[in-house]
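A.B. asks: Got a structure for you, questions after.
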Amino acid sequence: MGSNRFEFRASLSNLEEGLDVLHRSVERLRRATGRGADDRPLMLFETALGEIGSNVLTHGRPAGSSRPVEYALRLDGATVVASLSDSGPPVHEHLSREMPVPESEDGRGLAMARSLLDDLGYERDGNVNRWRLVKRL
Amino acid sequence: MALDVETRPSVNGVTVLAPMGRLDVAGAPALKEAIGEAVKNGTPKVVIDMEGVSFVDSTGLGSVIAALKQIRGSQGELRLAAPNQQVRVVLELTTLDRVFPYYATVEEALTGF
């Protein structure tokens, strides 16, 4: 039986390495909780994390800003919570975006993340975007 | 982790591309390039062997949609083979499973192609 407590923190300052860290953190959580690679709730969570993570790492580090993206992943009982904060422009207008038509090549990320999570929180705190991804496992 | 794309020798006019790694925002350009090369070389029948793809995101998926448009624009056809559970979930969630016929194995995808 795996643990039901887990905590991981990292500062991310590069797209490719940042994505590696996000996936690695989920892999560690998978191992810590004794879940298999085919565990569906964790796989859905990782998919949502990949979407929000790539948005944040792509748009959350404006040119000239050296401020990294702050990332934390924790397990509280049976609920996994990821938080990401970035110093990119506010994104309120993108939050309600619906799933685009199948022929569209982009614009799916937020709609996918919303439907895969139990809760996707977003707030603008001064010049910082704060994201909170919640999934019951 | 960069995406590596192996282009297997064309058989009966069908090119099989085998990406290995994560097909995400960082990996998508490599697949786009390989598709571009395959179409340029006059083989618009393409199978993407997804067995080595551990994870796909919406940008990776976008690169497959772009490939589909490019290949259909050359009167060709694109098939996906051997997607893992995560790739299938993403295809279903985005209803792209209606656009991409996917096959359990490369051999099945090549049958009657």
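A.B. asks: Looking at A:Arg136 and the list (1) more than 14 Å from chain B (Cβ to nearest Cβ); (2) among the basic types (Lys, Arg); (3) without any contact (Cβ under 8 Å) to a residue 60 or more places away in the chain, which single condition is not satisfied?
C.D. replies: (3)
A.B. asks: Turning to a different aspect of this structure: Can you spot a residue in segment B:33-43 that is within 14 Å of another protein chain (Cβ to nearest Cβ) and of a type in the set (Gly, Ala, Ser)?
C.D. replies: no
A.B. asks: While we're on this one: When the residues of segment B:61-109 are narrowed to those that are out of contact with any helix residue (DSSP H, G or I) (no Cβ under 9 Å at 6 or more places or on another chain) and within 20 Å of B:Pro44 (Cα to Cα), which ends up farthest from the other protein chains (Cβ to nearest Cβ)?
C.D. replies: So the residue we want is B:Glu107.
A.B. asks: Follow-up question, since we're still on this one. Take segment A:48-64 and flag every residue that is of a type in the set (D, E, K, R) and crowded, with 24+ Cβ neighbours inside 10 Å.
C.D. replies: From segment A:48-64, those of a type in the set (D, E, K, R) are A:51, A:61; that's our starting set.
Scanning segment A:48-64 gives a single hit, A:Glu51.
A.B. asks: Which is within 28 Å of A:Pro41 (Cα to Cα), surrounded by fewer than 19 Cβ atoms within 10 Å (Cβ to Cβ) and modelled with pLDDT under 90, of B:Val11, B:Val99?
C.D. replies: Working: B:Val11 fails: within 28 Å of A:Pro41 (Cα to Cα).
Of the residues listed, the single one that is within 28 Å of A:Pro41 (Cα to Cα), surrounded by fewer than 19 Cβ atoms within 10 Å (Cβ to Cβ) and modelled with pLDDT under 90 is B:Val99.
The values are calculated or read from the model by the stated rules, or taken from the named source; none is laboratory data. Worth saying up front: this structure is predicted, and the values here are computed from it rather than measured. Don't worry about glycine lacking a Cβ; one is built from the backbone with ideal geometry, like all the others, and counts go over all protein chains shown.
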